[in-house]
Structures are given as structure tokens and as C-alpha cells.
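The next block holds one structure in the form of C-alpha cells; read it before the comments.
The values are calculated or read from the model by the stated rules, or taken from the named source; none is laboratory data. Here the structure is a predicted model, which is why all the values come from computation and not from measurement. Every residue, glycine among them, receives a Cβ derived from its backbone with ideal geometry; neighbour counts consider all protein chains shown. To get the accessible areas, we keep the full protein, side chains included, count just its heavy atoms, and leave off ligands, DNA and RNA. Shrake-Rupley method; radii C 1.70, N 1.55, O 1.52, S 1.80 Å.
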Amino acid sequence: MTFPKFKAAAVQTAPVFLNVEKTIEKAISFIKEASENGAQLIAFPEVFIAGYPYWNWVMTPVQGSKWYEQLYKSAVAVTDESLKPLFQAAKDFKMHLVIGINERGDSYGEIYNTNLIIDDQGNLIGKHRKLVPTWAEKLTWTSGDGSSLKVYPTKIGPIGTLACGENTNTLARFTLLAQGELIHIANYISLPVAPADYNMAEAIKIRAAAHSFEGKLFTVVSCSTISKEMMVILKDEVPNIEELLTRKNSAFSGIIGPNGAVVSEPLIDEEGIVYAEIDLEKCIQPKQMHDILGHYNRFDIFDLRVNIAPTRKITLIDNHEEFNKK
């Protein structure tokens, strides 16, 4: 057997708010920089293309309605021409990447919080739709289904991903672990509007450490930040927007090892890229203590069943029978 070793990168930055083309240009600049620094995997934040619906937290649903329309107009489908430069960049720089998008559904107003998994040949090898929008996010996103709870084999190892609050869902995480996940991408948004006693950066780190320690794998965490430009755009609607969207310890990006410890210099609130060397061989020894996918479980007692069928919006049935008349 061979055990891949490679450098991973996690980006912490803001998108160009509601601008798909400019945000993709920004993503490509980070891909280029990470490639020049020897990375073979790069993770981008949740719904990085092209922005998070912060209005759900700071406006009434009626006030935020026009922004919802703007978000839908800037949502993308995986077949859109606008995404092709991103796929090409993955190929040109030989980079595996996971990036969040607002994915446009078939019905007007249908938007999914989706992570794309792209290999180093520029192929879209998978996408994961967030299963449950969190709290105020229910005003925006449609729920995903179990068909996207998958782990994808790549030349650097098996990759799985969950978005933001999904990383608190024990059963979703176990579903990925049970499929052999060794590289987990957890992407987030900066959330300064959380309750006053909630340390978002610490919460992100705890969730990543828990998944890495339980599954004995590497977790790459990428979190967005909030730009001044975005606050200026929303200021007409919410005059105190800067006060609401500026708070320390709202964003954490870093890379966690199989023992639950941070193996990179983390970024908290600041923009940039963090790097770490990943050696999948280091996933072996910790499993001797407790391998919840093997000897440290009781599958005769516990039986997790996961519905991986895609949601069907309609089933058409034709039971009409024609009888030949004599």
C-alpha cells in the first residue's frame, strides 16, 4: 500500500459579494498562490460563490426579500459557463479543490448551499448539498438529500465534505467516516451575529477537532470573512451594519490532525491561506486505540441506515388500461 503525503491549503477570505465572475477570479488567484507554495489541495469557504445571506440575521424577512432575489440571480448551476475558468484553474495548477457555491435549482427561487469537489484534472467529481439550513438560513436555502453524502476517491486520498453546522451532525459525519473518509473539508462563514456568549472561532475548532479525533483523519477548515465592501452595500438597509457584523473570534481556518490537534498555524478573523503537510499514514496508529469503524464499535448493536435516494419532486403514474373491443 501507499499512503499519500501532500500539502493542503485552507483559504480564509471574503467573496466579491454577489459577483460570480470577480469571486471566481479571486478564487483562481488563491489557487495559483497555493500551487506556487506546493499545495495539492485547497479548501474555500461555504457559499464562497458568491456570498452568504447575512440579511437573514439583520433584517426582517420582508426587508431581506429583495436581497434574496439578488442572491438567486447570482446563483450558479454546475454547467454554467461562468464556472469553467474555475475547473480550468484546477487542471492548470494540478489542484484538488472544494469550494462552496449558491447552487441554482430548477424552480425560480430554489437555491442550495452546495460544496463542489473538483479533482486536479479539472473534473467535477461530486457535489454536496447542505442537508439542513441552519436557523435563519431556512429563509434562503432548500434542503439537500442523502444522495450527496459521499466520499470521493482521489489520488491524494478519499475526500468528504460538510458545510458549517452540518459538522455538528453526528450521523452525517459517521456516514462519511464509514465510507472511508480520511480528508474532511469543513467550510464555514464568519458569524459575528451569533449570541454574545458564543465564540464562533472556538466552536469551529471544537467541531473540527471532534471529527478528526473520532475518525482519526485530517480536517481542513476554511472560513469566510466579511468585507467592508459588503457592509457598505447593506448599510442603506441597516445603518448599524458595521456594529452588527464586526466582532472578534468570528472566523477560524486551520488544519486538524488525526489526534484532534491543530497542525497548522490557524487564522482567526484575519484573511490569508494556512498550510499543513498531510501524511495519511498518521491515520493508522491512532486507530489502534479506538477505531469506531472497526474493533471499537458494535455493529450487532448499532445499525445506521441512510437513505441515499435523491429527492423526487413528483412521481407520474399511468394506470390507464385500454381494452380491445370485440
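Look at Asn102 and say whether it is modelled with pLDDT of 95 or more and over 19 Å from the mean Cα position of the chain (by Cα).
No; evaluated as a whole, the condition is false for this residue.
Go through Ala208, Ala203 for me and flag whichever is under 17 Å from the mean Cα position of the chain (by Cα), among the hydrophobic types (A, V, I, L, M, F, W, C) and open to solvent by less than 10 Å² (accessible area, probe 1.4 Å).
That would be Ala208, the only listed residue that is under 17 Å from the mean Cα position of the chain (by Cα), among the hydrophobic types (A, V, I, L, M, F, W, C) and open to solvent by less than 10 Å² (accessible area, probe 1.4 Å).
I need the full set of residues from the stretch 26-40 which are over 19 Å from the mean Cα position of the chain (by Cα) and open to solvent by 40 Å² or more (accessible area, probe 1.4 Å), in order please.
Within the stretch 26-40, Ser29, Lys32, Glu33, Glu36, Asn37, Gly38 qualify.
When you check Ala14 against the structure, is it out of contact with any His (no Cβ under 8 Å at 6 or more places or on another chain), at negative phi and surrounded by fewer than 24 Cβ atoms within 10 Å (Cβ to Cβ), yes or no?
So Ala14 passes the test.
What about Ser147, is it within 27 Å of Gln285 (Cβ to Cβ), touching a Pro at 6+ places or on another chain (Cβ under 7 Å) and in a helix (DSSP H, G or I)?
So Ser147 does not fit the description; no.
Go through the stretch 106-134 and give me each residue that's modelled with pLDDT of 95 or more, small (Gly, Ala, Ser) and part of a loop (DSSP other than H, G, I, E, B).
Across the stretch 106-134, the qualifying residue is only Gly122.
May I ask you to verify whether Ala8 is under 26 Å from Asn249 (Cα atoms) and surrounded by 24 or more Cβ atoms within 10 Å (Cβ to Cβ)?
So Ala8 passes the test.
Report, by residue number, each residue of the stretch 131-152 that is crowded, with 18+ Cβ neighbours inside 10 Å, among the basic types (Lys, Arg) and farther than 17 Å from Gly180 by Cα.
Within the stretch 131-152, no residue meets the criteria.
Could you give every pair whose Cβ atoms fall below 8 Å, whose first residue belongs to the stretch 211-232 and is at positive phi, and whose second residue is open to solvent by 10 Å² or more (accessible area, probe 1.4 Å) and part of a helix (DSSP H, G or I), counting only separations of at least 6 or pairs across chains?
What qualifies is Lys216/Pro286; Lys216/Lys287.
Can you tell me which of Ile117, Ile111 is open to solvent by less than 10 Å² (accessible area, probe 1.4 Å), over 18 Å from Gly180 (Cα atoms) and in contact (Cβ under 8 Å) with a residue 12 or more places away in the chain?
Being open to solvent by less than 10 Å² (accessible area, probe 1.4 Å), over 18 Å from Gly180 (Cα atoms) and in contact (Cβ under 8 Å) with a residue 12 or more places away in the chain holds for just one of Ile117, Ile111, which is Ile111.
Could you please give the count of residues in the stretch 1-21 that are free of Cβ contacts under 8 Å to residues at least 24 places away in the same chain and either hydroxyl-bearing (Ser, Thr, Tyr) or assigned to a helix (DSSP H, G or I) (or both)?
The total comes to 1.
Could you list, in sequence order, all residues of the stretch 70-85 that are loosely packed, with under 12 Cβ neighbours inside 10 Å and of a type in the set (D, E, K, R)?
Within the stretch 70-85, Lys73, Glu81 meet the criteria.
Return the total of residues in the stretch 153-180 being under 15 Å from the mean Cα position of the chain (by Cα) and either surrounded by fewer than 20 Cβ atoms within 10 Å (Cβ to Cβ) or farther than 14 Å from Leu41 by Cβ (or both).
Residues in the stretch 153-180 being under 15 Å from the mean Cα position of the chain (by Cα) and either surrounded by fewer than 20 Cβ atoms within 10 Å (Cβ to Cβ) or farther than 14 Å from Leu41 by Cβ (or both): 11 in total.
Thr23 fails exactly one of the following numbered conditions: (1) under 25 Å from Asn240 (Cβ atoms); (2) in contact with a Pro (Cβ under 9 Å, 6 or more places away or on another chain). What is the number of that condition?
Going through (1) under 25 Å from Asn240 (Cβ atoms); (2) in contact with a Pro (Cβ under 9 Å, 6 or more places away or on another chain) one by one, Thr23 breaks only (1).
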